[in-house]
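Below you'll find the structure, written out as structure tokens, and then a few comments.
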Amino acid sequence: MAKPRPRIKLVSRRALARIAVILTILGALSIWGFSVMIVMPGKSYAGDLPPLTPQERIFQEELRQDVEKIAGEGEHNYVFYNNLVAVASFLESSLAAAGYKVRRERYEANGQQFDNLEVEITGREKADEIVVIGAHYDSVTGSPGANDNGTGAAAVLALARAFAGKNTSRTLRFVEFVNEEPPFFWSEDMGSLVYAKGCSDRGEKIVAMLSLETMGYYSDEPGSQQYPLGLLDMIYPITGNFIAFIGNIASGDLVRQVVGGFRSHTQFPSEGTLLPEFVKGAGWSDHWAFWQQGYPALMVTDTAPFRYPYYHTTEDTPDKVDYDRLSRVVAGIERVIAELVVLK
């Protein structure tokens, strides 16, 4: 006797229609996510880098001298507190020498006194709209911190010198933050969070914040660039020769404006992206503190541990920094800032 064939349950037209709708929605969301998070204005520069401009040569020498000075103090953090104070004093005196009045924002943590350093150019027409350019000057324990973050702190100093005495429509601030590294990282005692909270408490309108973080290492070797998420290496370059601009979704307009501006006038490879805050590395600098207060902010970086082999080690020394390419990036950021603050 033949066995009866099992009945095949057919999918109804209604179920197929539902599946089609779901797939359409998922496809639309994917396209939307790609267009919002990945697609940036302009095109990343490709090709040989042009000769350094006179201003870039000035930046190159300033950056070299200042990174060597900062990292030359050795570890500078809450453990090596005297070295941290020495770096702060150097930055303060350098900013004062450029003609600024330096404001120290002092606070206590771990039984010690710490200082954020701020200088300001008050805007002429839109003084209430504030653009902040900042970087942390402390090093992680166990490292002299030449690239992380001597390059960022030196870049803030170089840019402050470049804008000294200029008139702007918006208010422009340069800030050197303390205590970005552990154990203060993402804590109430993180220097940039102390600062951003103070701005919020005063009702200040920060329209843009650029965090300059670990900016000085570049490689032309294929495979030198890694990413925190799978498949990103199918979208972005696997050669670590570019500067990255990273923001959260809420800072999308700022990221697109900055990337578009950088690409329009700077012949240097660049990539921009918007990432959810939970993605590894997305909030690993002082821009995170401004996100917590609802301010638009982004990080300018060489991507740190996703490229730099000496990240958070004793070998993070000034000789590892590519001052030629760093100077080109800083010059590009200078032009971006000029657009943000509207030079008069």
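The values are calculated or read from the model by the stated rules, or taken from the named source; none is laboratory data. All figures in this text were calculated on a predicted structure; none of them were measured in a lab. For neighbour counting, all protein chains shown are included, and Cβ atoms are generated from backbone atoms with ideal geometry for every residue, glycine included. Accessible surface is based on the protein model in full, side chains and every heavy atom, while ligands, DNA and RNA are left aside. Shrake-Rupley method; radii C 1.70, N 1.55, O 1.52, S 1.80 Å.
Quick look at the numbers
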quantity: Any chance A244 is small (G, A, S) and in a strand (DSSP E or B); calculated: yes
quantity: Which numbered condition I206 misses (of (1) surrounded by 21 or more Cβ atoms within 10 Å (Cβ to Cβ); (2) not in a loop (DSSP other than H, G, I, E, B)); calculated: (1)
quantity: Top-ranked residue in region 110-124 [being open to solvent by less than 40 Å² (accessible area, probe 1.4 Å) and either more than 25 Å from the chain's Cα centre (by Cα) or among the polar types (S, T, N, Q) (or both); ranked as nearest to L340 (Cα to Cα)]; calculated: N116
quantity: Complete set of residues in region 255-305 that are open to solvent by 30 Å² or more (accessible area, probe 1.4 Å) and either farther than 26 Å from G203 by Cα or free of Cβ contacts under 8 Å to residues at least 40 places away in the same chain (or both); calculated: R263, S264, H265, Q267, E271, P276, E277, F278, K280, P305
quantity: Residue within region 4-26 that is more than 23 Å from the chain's Cα centre (by Cα), modelled with pLDDT of 95 or more and assigned to a loop (DSSP other than H, G, I, E, B) present; calculated: no
quantity: Residue in region 221-237 that is out of contact with any Cys (no Cβ under 7 Å at 6 or more places or on another chain), surrounded by 21 or more Cβ atoms within 10 Å (Cβ to Cβ) and among the small types (G, A, S) present; calculated: no
quantity: Total residues in region 109-147, condition at pLDDT 95 or above and in contact with a Pro (Cβ under 9 Å, 6 or more places away or on another chain); calculated: 5
quantity: Odd one out for Y217, checked against (1) closer than 27 Å to E61 by Cα; (2) surrounded by fewer than 24 Cβ atoms within 10 Å (Cβ to Cβ); (3) among the aromatic types (F, W, Y); calculated: (2)
quantity: Tally of residues being farther than 18 Å from D66 by Cα and among the hydrophobic types (A, V, I, L, M, F, W, C) across region 296-332; calculated: 6
quantity: Failed item in (1) farther than 25 Å from G198 by Cβ; (2) surrounded by 19 or more Cβ atoms within 10 Å (Cβ to Cβ), with G165 passing the rest; calculated: (2)
quantity: Inter-residue pairs, beta-carbon under 8 Å, first in a loop (DSSP other than H, G, I, E, B) and in region 227-239, second open to solvent by 70 Å² or more (accessible area, probe 1.4 Å), 6+ apart; calculated: Y227/D233; P228/K280; L229/K280; I238/P222
quantity: Of all residues in region 27-57 being open to solvent by 90 Å² or more (accessible area, probe 1.4 Å) and either in a helix (DSSP H, G or I) or not charged (D, E, K, R) (or both), the one that is modelled with the lowest pLDDT; calculated: L29
quantity: Residue, least open to solvent (accessible area, probe 1.4 Å), within region 79-95, restricted to residues that are among the aromatic types (F, W, Y) and part of a helix (DSSP H, G or I); calculated: F90
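Conditions (1) open to solvent by less than 10 Å² (accessible area, probe 1.4 Å); (2) at pLDDT 95 or above; (3) within 19 Å of A304 (Cβ to Cβ), marked per residue:
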| site | (1), (2), (3) |
| --- | --- |
| A155 | yes, yes, yes |
| F185 | no, yes, yes |
| V194 | no, yes, no |
| S200 | no, yes, no |
| T239 | no, yes, yes |
| G247 | yes, yes, yes |
